[in-house]
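The structure under discussion appears below in the form of structure tokens.
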Amino acid sequence: MENKIKAARISAGLSQKEMSERFGIPIDTLRNWDCGRRIPPEWAARLLLEKLEKIKNMIEVDFNGGSGRNTDKAVNYMLANVDGIELYAEIEIPDNAGSDEYGYDELKKEIISQAKGQGIDANRLKFWRN
């Protein structure tokens, strides 16, 4: 079972440290599982494998700021790539607006709408603020 957890962790793109922080498992415990010195309880292993599978199937949506694709004005945008399909939305930042979070909710709605329009399960989208 421990090798399955290690393989699932790697497949989900998590380091031992990231998995430790995300699930609250001491890093020494994970190291022991990874190299086979210890075996996790069966119920814990099943739960971790389920959670890691969900993480692996998540689609990361980045929220950033910068120049727009069709304008030199400052914009905030969201971007995700799903099996070769690009989901992209941008919103121009007015001069009097704080740029950090401006338009986040509107962009999120647009990305969800695009995902649904492409037949992508919106529950797989994980929104990140950079």
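The values are calculated or read from the model by the stated rules, or taken from the named source; none is laboratory data. All values derive from a computational prediction rather than experimental measurement. Glycine also receives a Cβ, built like all others from the backbone with ideal geometry; neighbour counts cover every protein chain displayed.
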Hey, can you tell me all the residues within the stretch 7-48 that are crowded, with 17+ Cβ neighbours inside 10 Å, part of a helix (DSSP H, G or I) and within 21 Å of the chain's Cα centre (by Cα)?
Ala8, Arg9, Gln16, Met19, Ser20, Leu48
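Within the stretch 74-86, is even one residue small (Gly, Ala, Ser), modelled with pLDDT of 90 or more, over 16 Å from the mean Cα position of the chain (by Cα) and at negative phi? Full working, then the answer.
So the first thing to find is which residues in the stretch 74-86 are small (Gly, Ala, Ser), and the list is 74, 80, 84.
Adding the requirement that they be modelled with pLDDT of 90 or more leaves 80.
Then keep just the ones that are over 16 Å from the mean Cα position of the chain (by Cα); that gives none.
Checked against the condition, which is being small (Gly, Ala, Ser), modelled with pLDDT of 90 or more, over 16 Å from the mean Cα position of the chain (by Cα) and at negative phi, the stretch 74-86 yields no hits at all.
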I need the full set of residues from the stretch 19-35 which are at pLDDT 90 or above and not hydrophobic (A, V, I, L, M, F, W, C), in order please.
Ser20, Glu21, Gly24, Pro26, Asp28, Thr29, Arg31, Asn32, Asp34
Scan the stretch 103-111 and give yes if some residue there is in contact with a Lys or Arg (Cβ under 9 Å, 6 or more places away or on another chain) and either surrounded by 12 or more Cβ atoms within 10 Å (Cβ to Cβ) or in the same structural domain as Leu14 (by TED's automatic domain parsing) (or both), otherwise no.
yes
Please tell me if Glu90 is under 14 Å from Ala122 (Cα atoms), surrounded by 14 or more Cβ atoms within 10 Å (Cβ to Cβ) and of a type in the set (Asp, Glu).
no
Counting only residues that are surrounded by fewer than 17 Cβ atoms within 10 Å (Cβ to Cβ) and outside any helix (DSSP H, G or I), the stretch 49-59 contains a total of 2
